[in-house]
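S.K.: The structure follows.
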Amino acid sequence: MKKTEQKVLRFIEQNKLISAGDKILVAFSGGPDSVFALHFLEKFKRKYKVDLCAVHFNHGLRGKESDADEIFSKEFCKRKSIPLNVVKINVKLFSKKNKISIEEAARTLRYENLNKIAERTQSTKIITAHNQSDNTETILLNLFSGTGFSGFSGIPVQRGNIIRPFLCLTKQEISNYLEQAKILFRVDSSNLKDDYKRNYIRNRILPLVRLKLNPAIDEALFRSSKNFENTLFLNHKLIDHIVAEYVTHNSNAVSFPLLLADLFDGKIPGEILKIIFKRYLKHEFEYDDYVKINSLISKQKGRKIQLSKKLVVLREEESIRIELTGKPSNNNYTLKTGGKVDLGSKIIGIEQVKSENVQFKNNGKVEFISADGMDENFILRTWKAGDKFKPLGMKNFKKVSDFLTDSKISVSERKDQLVLTNRNQIVWIVGLRIDDRFKLNSKTKKIYKLWLK
């Protein structure tokens, strides 16, 4: 028993998991792991100078058995004078509503409520009683499901305010401790069935691995997973730098140069794409997405692939662009002098200025026009087929489509190009060129400044 306790004490010290003055909220199911956790923390709370409280979740999945777990939890915490919060959660309803598995629904609801209760009880740390055997199951479950690199890092020792000080112990070590100390606990009968993937790994696969291959599989995989975790930390730092350097984005799309693939022998790594999908597209990245995106690299410009109902990937001249589809891009906006339109990714405005304030900038974001004879209402819209204007410096009309092509505007950006009109005449191809008919001249009396941010 003392050896087990010393193992946990060293692990807490090595990872600096608990600080003096912490108030710790323990997730308490009444099962062997959480019973050990609460017993250990109560025994050493003076050493660590911490306060304890607990929370029990009644999932309502096992009828009277779930209610018996709740009663046991209340009595256990009462004997140890530990405040207990009991939360009833409707896992089946949440699972059905969100079209996810019972396991995933229960996990999501638990963590949501853990954070709420931690805030309400002013707890600085949350402890879940995961052990090394849980870590082994998680790694194998990720492996069999086709995980990315991050799946091999297993269960983190700490994530935010959630700490797991018992990852240094196997399930067997915990069971032996409780048996020697004659401490009672509850057994979840659903864990004995092979209905869930995790249970099948725990009950069928791992006993054979321990018997035939490695009886210390939990310790071996834990060491490996922590090595993976350290490598993953460095990997994420590198990916963050690459994404910041090469990826551009707005509310509708993400774009990155083909040069990015050249850095990695012709293919964009899945871990980089996974971060892009999660951070900017709020979309679950899958292996098929990796294959489809990289298949476009060798294709001609203009080719595109539909990833899902909401995502399309386009091969442009020198880049790959991933767009969120189904977002309206043909809205018309009325814009008056002195006003502006905020489109989220850009802001466009018009204001009247005096001639002495005219300062030309060759960046396309600020233009000055002669407003003599203009209506005070402008219309901002996306260009459409058949639109024509006289580009500044030219005498003849030119189709907007031809102008955009000559200006080397990419196919994906072309369809969202905005034009500013007045009395059905194009005044400005926004960010690119004004119409020659509205340029300033010696007779100009009224000057408008057009600007883009």
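S.K.: Which of the helices (runs of 4 or more DSSP H) contained wholly in segment 249-300 include at least 3 residues that are modelled with pLDDT of 90 or more and buried (at least 17 other Cβ atoms within 10 Å of the Cβ)?
M.R.: 270-276, 287-295
S.K.: Could you grab the pairs with beta carbons closer than 7 Å, sequence gap of 6+ or different chains, first residue in segment 301-313 and free of Cβ contacts under 8 Å to residues at least 24 places away in the same chain and under 25 Å from THR405 (Cα atoms), second one open to solvent by 30 Å² or more (accessible area, probe 1.4 Å) and of a type in the set (Ser, Thr, Tyr)?
M.R.: VAL312/THR325
S.K.: A further question on this structure: What number of residues within segment 20-29 satisfy the criterion of being touching a helix residue (DSSP H, G or I) at 6+ places or on another chain (Cβ under 8 Å) and either farther than 27 Å from HIS59 by Cβ or open to solvent by 40 Å² or more (accessible area, probe 1.4 Å) (or both)?
M.R.: 3
S.K.: Could you count how many residues in segment 49-66 are modelled with pLDDT of 95 or more and either open to solvent by 40 Å² or more (accessible area, probe 1.4 Å) or over 16 Å from ASN113 (Cβ atoms) (or both)?
M.R.: 4
S.K.: Further question: Restricting to segment 315-327, and then to whatever is crowded, with 19+ Cβ neighbours inside 10 Å and not β-branched (Val, Ile, Thr), can you tell me which residue is farthest from ASP416 (Cα to Cα)? Spell out how you get there, then give the answer.
M.R.: Step one: filter segment 315-327 for residues crowded, with 19+ Cβ neighbours inside 10 Å, giving 315-316, 320-323.
Restricting the remaining residues to those that are not β-branched (Val, Ile, Thr) gives 315-316, 321, 323.
Values: ARG315: 17, GLU316: 15, ARG321: 14, GLU323: 12 Å.
By that ranking, first place goes to ARG315.
S.K.: Considering GLN180, GLN172, which residue is open to solvent by 100 Å² or more (accessible area, probe 1.4 Å) and touching a residue at least 60 places away in the same chain (Cβ under 8 Å)?
M.R.: GLN180 is the lone residue from the list that is open to solvent by 100 Å² or more (accessible area, probe 1.4 Å) and touching a residue at least 60 places away in the same chain (Cβ under 8 Å).
S.K.: Quick one: which of GLU13, GLU5 is modelled with pLDDT of 95 or more, under 17 Å from LEU167 (Cα atoms), open to solvent by 20 Å² or more (accessible area, probe 1.4 Å) and not β-branched (Val, Ile, Thr)?
M.R.: On the way: GLU5 fails: open to solvent by 20 Å² or more (accessible area, probe 1.4 Å).
Testing whether each residue is modelled with pLDDT of 95 or more, under 17 Å from LEU167 (Cα atoms), open to solvent by 20 Å² or more (accessible area, probe 1.4 Å) and not β-branched (Val, Ile, Thr) leaves just GLU13.
S.K.: A further question follows. I need every pair where a residue in segment 112-130 that is over 10 Å from LEU25 (Cα atoms) has its Cβ under 9 Å from the Cβ of a residue that is assigned to a loop (DSSP other than H, G, I, E, B) and among the polar types (S, T, N, Q), sequence separation at least 6 or different chains.
M.R.: ALA129/SER29
S.K.: Consider segment 262-276. How many of its residues are touching a residue at least 40 places away in the same chain (Cβ under 8 Å) and over 11 Å from VAL247 (Cβ atoms)?
M.R.: Residues meeting the conditions: 3.
S.K.: Of all residues in segment 301-314, how many are open to solvent by 40 Å² or more (accessible area, probe 1.4 Å) and small (Gly, Ala, Ser)?
M.R.: Within segment 301-314, residues that are open to solvent by 40 Å² or more (accessible area, probe 1.4 Å) and small (Gly, Ala, Ser) number 1.
S.K.: Could you check, for segment 7-14, whether at least one of its residues is over 33 Å from the mean Cα position of the chain (by Cα) and among the aliphatic types (A, V, I, L, M)?
M.R.: yes
S.K.: Within segment 338-370, work out how many residues are among the hydroxyl-bearing types (Ser, Thr, Tyr) and either in contact with a Leu (Cβ under 9 Å, 6 or more places away or on another chain) or open to solvent by 70 Å² or more (accessible area, probe 1.4 Å) (or both).
M.R.: 2
S.K.: When you go through LEU114, LEU143 one by one, which is the residue that is under 24 Å from the mean Cα position of the chain (by Cα), open to solvent by 70 Å² or more (accessible area, probe 1.4 Å) and at pLDDT below 95?
M.R.: Result: LEU143 is the single residue among LEU114, LEU143 that is under 24 Å from the mean Cα position of the chain (by Cα), open to solvent by 70 Å² or more (accessible area, probe 1.4 Å) and at pLDDT below 95.
S.K.: Which of the residues that make up segment 30-48 are touching a strand residue (DSSP E or B) at 6+ places or on another chain (Cβ under 7 Å) and either over 18 Å from LYS74 (Cα atoms) or open to solvent by 50 Å² or more (accessible area, probe 1.4 Å) (or both)?
M.R.: GLU42, LYS45 - these are the residues of segment 30-48 that are touching a strand residue (DSSP E or B) at 6+ places or on another chain (Cβ under 7 Å) and either over 18 Å from LYS74 (Cα atoms) or open to solvent by 50 Å² or more (accessible area, probe 1.4 Å) (or both).
S.K.: Quick one: in segment 255-290, which of the residues that are of a type in the set (Val, Ile, Thr) and within 15 Å of the chain's Cα centre (by Cα) is nearest to ILE409 (Cα to Cα)?
M.R.: Taking the candidates together, the pick is ILE276.
S.K.: If you don't mind, there's one more thing I want to ask. Surrounded by 13 or more Cβ atoms within 10 Å (Cβ to Cβ) and on the phi > 0 side of the Ramachandran plot: which single residue out of GLY373, GLY393, GLY386, GLY431 fits that description? Give the steps one after another, and end with the answer.
M.R.: Working: GLY373 fails: surrounded by 13 or more Cβ atoms within 10 Å (Cβ to Cβ); GLY393 fails: surrounded by 13 or more Cβ atoms within 10 Å (Cβ to Cβ); GLY386 fails: surrounded by 13 or more Cβ atoms within 10 Å (Cβ to Cβ).
The match here is GLY431.
S.K.: Please work out if ILE155 is open to solvent by less than 40 Å² (accessible area, probe 1.4 Å), in contact with a helix residue (DSSP H, G or I) (Cβ under 6 Å, 6 or more places away or on another chain), of a type outside the set (D, E, K, R) and assigned to a helix (DSSP H, G or I).
M.R.: No: the conditions fail for ILE155.
S.K.: Could you tell me how many of the residues in segment 185-204 are without any contact (Cβ under 8 Å) to a residue 24 or more places away in the chain and in a loop (DSSP other than H, G, I, E, B)?
M.R.: Residues that pass the stated criteria total 3.
The values are calculated or read from the model by the stated rules, or taken from the named source; none is laboratory data. Keep in mind that what you see is a predicted model, and the values were worked out from it rather than measured. Backbone-built Cβ (ideal geometry, glycine too); neighbour counts: all protein chains shown. Accessible surface is based on the protein model in full, side chains and every heavy atom, while ligands, DNA and RNA are left aside. Shrake-Rupley method; radii C 1.70, N 1.55, O 1.52, S 1.80 Å.
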